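Inspection log for the structure reproduced underneath, given as structure tokens.
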Amino acid sequence: MLDKDPKNKKNIWVKWEPPKNNNYKLNIDGPAAGNPGKGGLGGIFRNASGNWVLGYMGSIQYTTNTQAELLAVLKGLQIAEERQFTPLEINTDSTEVIRMLINGNLHFDSFIHECRSIVQRLGVVVVKHSYRETNKVADMLAKEGTNRNFLEDVFVTTVPPVFVNHLFWADIAGTVFERQIIDCNIANDSLIVGYLIYPPINIPSVNPNG
């Protein structure tokens with residue numbers, strides 16, 4: 001039930017924040033038109049200076065919002081492992097996906113299992129909730145994926161596409177956005193942080209002497 005009492009609402013100011021030195025931040029998004037329907041996925045890796053390291057976007061013929069978000073996370077983890085973008089922090093505006101990555105979900109078990117396998121090899125990966133206002137670049141990349149049909153799995157770019165340039169530079173400039181939020185959720189949202197630490201993969205040692 002929505003709280004419509006204006007007394008319980010507050011305005012806060014939010015902006016995109018860069019990762020720590022020598023770390024990478026990955027913002028991801030995954031919408032589905034109609035939910036379910038045609039969807040897309042998108043993500044952007046940035047360094048501590050806020051520089052564009054790598055972006056990606058892709059099309060999904062039939063999906064849900066949740067599945068598209070998980071696919072965006074999975075693709076980002078695959079790229080991070082391939083290119084050694086570590087240590088890594090993932091930001092998503094889906095609290096549901098964060099909880100699934102931490103606690104699991106039977107319906108999406110195959111996607112979550114793949115994500116966890118990569119995290120086991122990468123080490124600790126931090127996943128945090130981000131407001132939509134601070135996730136605009138990833139959102140635009142994902143929407144472009146929804147609107148287009150990419151022949152390859154995903155389209156990867158090492159420079160900002162023209163259609164996200166203004167959003168990317170707004171983040172670099174530290175543009176602040178005003179957001180109205182229910183008072184009790186201010187603390188709750190700040191607590192939605194997951195440290196994805198899964199048991200390491202144990203590779204049995206081989207005794208050359210038999």
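The values are calculated or read from the model by the stated rules, or taken from the named source; none is laboratory data. Small disclaimer: the values here were computed from a predicted structure and weren't measured. Every residue, glycine among them, receives a Cβ derived from its backbone with ideal geometry; neighbour counts consider all protein chains shown. Heavy atoms of the whole protein, side chains included, go into the accessibility calculation; ligands, DNA and RNA do not. Shrake-Rupley method; radii C 1.70, N 1.55, O 1.52, S 1.80 Å.
A few comments on the model shown:
- Number of residues in the stretch 155-170 that are surrounded by fewer than 21 Cβ atoms within 10 Å (Cβ to Cβ) and part of a helix (DSSP H, G or I) equals 7.
- In the stretch 8-39, the residue that is farthest from Asn165 (Cα to Cα) out of those that are of a type in the set (Val, Ile, Thr) and open to solvent by 10 Å² or more (accessible area, probe 1.4 Å) is Ile12.
- Scanning the stretch 19-58 for residues that are assigned to a loop (DSSP other than H, G, I, E, B) and either over 20 Å from Leu122 (Cβ atoms) or of a type in the set (Lys, Arg) (or both) returns Lys20, Gly30, Pro31, Ala33, Gly34, Asn35, Pro36, Ser49, Gly50, Asn51.
- Restricting Val124, Val97 to those that are open to solvent by less than 70 Å² (accessible area, probe 1.4 Å) and either in contact with a helix residue (DSSP H, G or I) (Cβ under 6 Å, 6 or more places away or on another chain) or farther than 20 Å from Tyr56 by Cα (or both) reduces the list to Val97.
- Looking across the stretch 45-58, just one residue is in contact with a Ser or Thr (Cβ under 7 Å, 6 or more places away or on another chain) and surrounded by fewer than 23 Cβ atoms within 10 Å (Cβ to Cβ), and that is Leu54.
- Meets criteria (open to solvent by less than 10 Å² (accessible area, probe 1.4 Å) and either within 15 Å of the chain's Cα centre (by Cα) or without any contact (Cβ under 8 Å) to a residue 40 or more places away in the chain (or both)) for Gly42: yes
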